[in-house]
Amino acid sequence: MVSIKWDGNQLQLLDQRLLPHTEKWLRIRSVQDAASAIKNMIVRGAPAIAITAAYGMALAVKSGFDRNKAHQLLLNARPTAVNLQWALERIKPIDDAQVCAEAEAIHHEDLHINQAIGHHGAKLLSGGVLTICNTGALATSGHGTALGMIRSAHDCGQDIHVYALETRPYLQGARLTAFECLKEAIPCTLITDGMAGALLKSGRISAAVAGCDRVARNGDTANKIGTYQLAILCRHHNIPFHIAMPWSTWDPNCPTGNSIPIEQRPSEEVRTILGNPIAPDGVEVWNPSFDVTPAELVTSWITETGICHPPFSPPA
């Protein structure tokens, strides 16, 4: 399963806003289109955002668009996921003639990173595994990070059953994680976000896994809104809480979670579900897309180089 295609000249993205009922591919012809796709969540998931940004720079170079303006346009599309900045900084010193090849390298490397995270993390999982948002193939180049760990465990024949939080307000768990699990015959049960405590108390869950959009130097972890309360519930019920962390999401320049910028999303995402109004038009809405889980609530961080804990020592 993939959500990003590149033929050397043109980018195609699977429109994740329409899943699970409609699978529609969109042609991304310019850096402006790439930035819009990131901002409007046609593509989402920190690794997939980074890949799209890299190809956005390739499109900018191909069209003669000013590289500095393209860099800033993409950087501003979504502020929390540090992978976006990481990919753009990696592209920045590359000569025009090599930008396309570098973007392709970022794309291909991500799949190997996901598979390595899956290999290291699979050994931590068995039985019921609770997860939030979507951290699978749709959020990456393929395979996935936190869901990739589950996928690897399943592929190895381990007895795994996914419990997917629906993940309001954008419903990535209900629409995307459940979709991936059904596609690949991974046993899956969907629950609402408010059911997590009762489920953990029931004894069905052996571990919880989540992805990340930025990890501070001390291990504080930004992820989809709702992750913080899930980590608190896991601590209360003595359930391991693991973070799948590609090294590209670790930000050594960010000392703690207090320094992580939190994106605010449109009010209509909360007032509506898939465009259907569910709340009064005039009600005020607070809609942060992410929250920050303190490092002390995380059992381990699983990277492409192995299972880690702060202070982190990334590969050279």
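Things to note:
- When Asp7 is tested against the conditions (1) open to solvent by less than 10 Å² (accessible area, probe 1.4 Å); (2) over 21 Å from the mean Cα position of the chain (by Cα); (3) under 25 Å from Ile113 (Cα atoms); (4) not hydroxyl-bearing (Ser, Thr, Tyr), the lone failure is (1).
- Put simply, of Gly197, Gly211 the only residue that is within 23 Å of Ala295 (Cα to Cα), surrounded by fewer than 23 Cβ atoms within 10 Å (Cβ to Cβ) and either touching a Pro at 6+ places or on another chain (Cβ under 9 Å) or not hydroxyl-bearing (Ser, Thr, Tyr) (or both) is Gly197.
- Some residue of segment 151-159 being within 14 Å of Ala244 (Cα to Cα), part of a helix (DSSP H, G or I), modelled with pLDDT of 95 or more and among the hydroxyl-bearing types (Ser, Thr, Tyr): yes
- Taken over segment 11-49, the criterion of being surrounded by 14 or more Cβ atoms within 10 Å (Cβ to Cβ), of a type outside the set (A, V, I, L, M, F, W, C) and more than 16 Å from the chain's Cα centre (by Cα) is satisfied by Gln12, Pro20, Arg29, Ser30, Gln32, Asp33, Ser36.
- Among residues of segment 92-107 that are surrounded by fewer than 14 Cβ atoms within 10 Å (Cβ to Cβ), those with a beta-carbon under 9 Å from a residue that is modelled with pLDDT of 95 or more and in a loop (DSSP other than H, G, I, E, B) at least six positions away or on a different chain give the pairs Ala101/Ile94.
- When Ser206 is tested against (1) surrounded by 18 or more Cβ atoms within 10 Å (Cβ to Cβ); (2) part of a strand (DSSP E or B); (3) of a type in the set (Gly, Ala, Ser), exactly one condition is not met: (1).
- Across segment 60-91, the number of residues qualifying as over 25 Å from Ala244 (Cβ atoms) and open to solvent by less than 10 Å² (accessible area, probe 1.4 Å) comes to 2.
- Selection from segment 80-103 of residues that are touching a Phe, Trp or Tyr at 6+ places or on another chain (Cβ under 7 Å) and in a helix (DSSP H, G or I): Ala103
- Selection over segment 58-84 of residues that are of a type outside the set (Val, Ile, Thr) and under 28 Å from Pro288 (Cβ atoms) gives a count of 13.
- Of all positions in segment 56-79, at least one carries a residue that is within 23 Å of Gly257 (Cβ to Cβ) and not in a loop (DSSP other than H, G, I, E, B).
- Restricting the first member to segment 35-63 and to residues that are in contact (Cβ under 8 Å) with a residue 60 or more places away in the chain, and the second to residues that are open to solvent by 10 Å² or more (accessible area, probe 1.4 Å) and part of a helix (DSSP H, G or I), the beta-carbon pairs closer than 7 Å and six or more apart or on different chains are Pro47/Asp110; Ala50/Trp86; Ala50/Ser248; Ile51/His107; Ile51/Asp110.
The values are calculated or read from the model by the stated rules, or taken from the named source; none is laboratory data. Note that the coordinates shown come from a computational prediction; the quantities given were computed from them, not determined experimentally. FYI the Cβ positions are ideal-geometry reconstructions off the backbone, even for glycines, and counts take in every protein chain you see. When the accessible area is computed, the model is the full protein with side chains, heavy atoms only, and any ligands, DNA or RNA have been set aside. Shrake-Rupley method; radii C 1.70, N 1.55, O 1.52, S 1.80 Å.
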